[in-house]
Amino acid sequence: MKVFINGKIYLERDSFAEAMIVEGNRIIKVGTNDACLQGLTEAARESVTDLKGKTVLPGLNDSHLHFLMTAEYLSLLPITDVTSMNELIKRCRDYIKKNKLTADDVLYTEGWNHTTFTDEKRMPDRSDLDQASTEVPIVLVRVDRHVMSLNTAALDHFNITVETRPSTGGEIKKDDAGQLTGILTEGAVDLVKAKLPKKSREEKKELLVDTMALANKKGLTSMHTNDAKDETIEETLSLYKELEDEDRLSIRFYQQVWFNNGKYLSDFFNSDYTFQQGSAWNKIGPVKFFIDGTLGARTAALRKPYTDDPAAFGIVTKTQEKLTEEVTLAVENGYQVIIHGIGDRGIEMILNAYDNTLNGQPNTLRLGINHMQITGHDLIDRVAEKDYLTYVQPIFLDDDIPIIRECVGNERAETSYLFKTMHDKGIHQSFSSDAPVVSFDPFYNIQCAVTRNRLESTGKDPYLPEEAMDICAAIDAYTYESAYASFEETEKGRIREGYLADFIVLDKDIFTCDLDDIKTTNVLATFVDGKCVYKTGEANEK
């Protein structure tokens with residue numbers, strides 16, 4: 001038994017408790033100090049922790065990220081902070097020299113974002129990367145993972161020619177003369193990813209364990225991870241299962257199973273996997289599809305053309321008929337579905353597929369849309385009417401604020417990233433990071449949600465400030481709503497009697513601190529299943 005007193009324990013909007021008791025992996029009592037101390041034996045009093053007024057939240061739950069990818073990404077050459085084309089080229093050149101790479105190696109890394117470049121705001125192409133090396137294959141993936149840049153050596157290494165055709169959509173870009181630029185988009189990136197050197201199972205497991213420790217340090221106790229994909233589904237799911245069997249999980253995982261290529265669907269539905277199969281630590285979740293790309297890459301599918309490129313509407317990865325067919329197949333097999341939709345055309349196609357599949361029946365499988373960025377009130381109303389779930393990433397405002405209006409114009413910008421509107425309409429809206437696209441630090445996400453600003457733009461020109469969520473709604477989106485998305489809202493997501501003992505202790509009062517200081521919040525202690533999996537020297541956990 002563990003007793004915690006003198007805390008500011010968040011229960012739900014405007015409701016707090018002083019104390020709680022944990023026994024085993026459950027919270028068995030929540031209330032006042034006196035109520036939780038009453039009747040304790042002397043031995044039990046030895047287990048009392050004085051929280052000294054610190055704020056306690058339910059464990060945070062990221063409802064969409066790529067955790068294995070994040071673990072692997074953290075071992076790569078860092079380029080997310082690169083702010084110019086010249087710096088990107090130099091960093092690659094220096095890395096090749098330092099690590100003595102040869103033509104037999106591949107320099108692969110992720111994270112460039114040309115919209116932050118100060119010299120040339122364009123995507124790096126083969127001519128740029130050839131300046132870093134003409135011998136070592138270089139493969140650089142954009143921060144959103146929807147665009148890939150290759151040098152000439154990499155095009156040769158991966159046998160990509162002007163005749164190559166991607167089988168899963170996307171584009172191998174060519175210049176006006178019909179020659180390869182070295183830029184691949186969407187499904188075309190799989191031509192390279194399928195042939196990249198693979199880490200061993202043990203290396204992947206160790207990376208997962210190390211990254212779980214980092215996630216615990218940031219207050220994460222659960223996450224919906226989107227790693228298992230197409231031909232790697234069984235291999236990837238078995239990594240998590242082995243770690244569970246070895247009692248090495250310190251995060252609870254809900255597996256979003258990703259299909260870029262529909263040819264793998266039937267095999268999956270005919271396998272031994274079933275929806276919700278597993279334990280409270282690791283279970284099979286929804287089927288995940290894509291319909292469009294991203295705003296920064298100008299591949300998000302729009303109903304009207306891009307304002308800064310009137311010939312471009314973005315891309316769709318499949319027809320309406322194919323998307324509806326795949327959604328129907330998943331639902332008929334009893335699976336929840338989550339679909340990537342950023343542009344208003346893509347979102348509309350998702351809603352059409354869901355509406356046609358359900359045919360007026362209630363959304364009992366909690367079908368949902370991931371991202372919901374470039375919207376419109378008509379689309380939001382359809383989501384609210386049919387009770388579809390949304391998975392949103394306020395942290396994307398940090399990158400997108402400088403480009404939203406130039407991409408889609410003022411009219412569409414005024415009806416995009418409408419998180420408060422969705423909340424006020426009663427739409428189930430959970431928060432996620434989509435890491436490694438961005439950091440999985442939840443406090444960055446929360447700050448962007450409540451300030452509607454970039455992380456470093458304190459008090460300056462917030463984007464649609466009337467769409468700022470309050471702190472309670474933001475925390476609920478990271479706890480209760482993420483639990484709702486995995487059908488676990490009666491097990492976790494609140495500090496409540498009978499719920500799993502997943503909670504965190506913070507170094508500041510996130511409910512009263514300056515909104516621009518939320519990003520600096522530190523976690524003093526993280527508890528999962530009643531056990532302390534992380535603590536600082538400041539934490540007074542006995």
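The values are calculated or read from the model by the stated rules, or taken from the named source; none is laboratory data. The model shown is predicted, which means the values in this text are computed figures rather than measured ones. Please note: Cβ atoms are built from the backbone with ideal geometry, for glycine as well, and neighbour counts cover all protein chains shown. The area values use the complete protein model at the heavy-atom level, side chains included, leaving out ligands, DNA and RNA. Shrake-Rupley method; radii C 1.70, N 1.55, O 1.52, S 1.80 Å.
Descriptive notes on the structure:
- With every protein chain in place, segment 450-528: carbon and sulfur % of accessible area (1.4 Å): 45 percent
- Rolling a 1.4 Å probe over the protein heavy atoms of segment 32-78, with every protein chain left in place, gives an accessible area that is 53 percent carbon and sulfur.
- Label separation (T164 vs A103): 1.8 nm, computed from points 7 Å beyond Cα along the C-beta direction.
- Close amide H partners of W112, meaning residues 5 or more places away or on another chain with modelled amide H under 5 Å apart, are V141, V143.
- Of the residues A154, V136, Y335, the one whose Cα sits farthest towards the positive end of the charge dipole of the chain is V136 (charges of +1 on Lys and Arg Cβ, -1 on Asp and Glu Cβ, taken about the Cα centre).
- Sites D355 and A43 - FRET efficiency at Förster radius 45 Å, r taken between beta-carbons, to 0.05: 0.15
- If the segment from A213 to T490 were pulled out straight at 0.36 nm per residue, it would be longer than the present Cα-Cα gap by 97.1 nm.
- Using a simple spin-label model with pseudo-atoms 7 Å out from Cα toward Cβ, Q276 and L11 lie 2.8 nm apart.
- Heavy atoms of the protein chains alone define the surface here; on that basis segment 257-307 has 37 Å² accessible area per residue at 1.4 Å probe size.
- Beta bridge orientation in segment 235-351: antiparallel %, DSSP, nearest 5: 20 percent
- Between D119 and D378, the contour length at 0.36 nm per residue exceeds the Cα-Cα span by 89.3 nm.
- 0 to 90° range, to nearest 10: angle between helix 201-217 axis and the chain longest Cα axis: 50 degrees
- Listed by chain and number, the lysines whose alpha-carbon sits under 27 Å from that of K420, ignoring those within fewer than 8 places in the same chain, are K8, K218, K288, K304, K386, K460, K492, K508, K519.
- Label zone at K508, where the point sits 7 Å out along the Cα-to-Cβ direction: segment 31-69 residues whose backbone N lies under 18 Å: 53-57
- Rg/Rg_ref, segment 1-101, where Rg_ref = 2.2 N^0.38 Å and atoms are Cα: 1.90
- Three-way shape call for segment 241-352 based on the alpha-carbon gyration tensor, with the a/c threshold at 1.5: prolate
- GluC sites (Glu not before Pro) lying in DSSP loop within segment 126-202, provided at most 16 other Cβ fall within 10 Å: E135, E163
- About the Cα centre, charge dipole magnitude for segment 393-542 (Lys/Arg +1, Asp/Glu -1 at Cβ), debye: 220 debye
- Prolate/oblate/rounded call for segment 481-536, Cα gyration tensor, a/c under 1.5 rounded: oblate
- Protection proxy ranking, peptides 215-221, 486-492, average beta carbon neighbours within 10 Å, highest first: 215-221, 486-492
- Normalising by residue count, segment 91-227 has a Cα convex hull of 156 Å³ per residue.
- Carbon + sulfur, % of accessible area of segment 220-267 - ligands and nucleic acids excluded, 1.4 Å: 39 percent
- Counting only DSSP beta bridges whose two residues both lie in the chain, roughly 50 percent are antiparallel.
- Shape category assigned to segment 422-542 from the gyration tensor of Cα positions, a/c cut at 1.5: oblate
- Accessible surface, per residue, of segment 424-494 when the full set of protein chains is kept, probe 1.4 Å, Å²: 30 Å²
- Inter-site label distance for S127 and E385 at 7 Å from Cα along Cβ, in nm: 5.1 nm
- Per residue, the solvent-accessible area of segment 110-212 (1.4 Å probe, heavy atoms of protein chains only, all protein chains present) comes to 43 Å².
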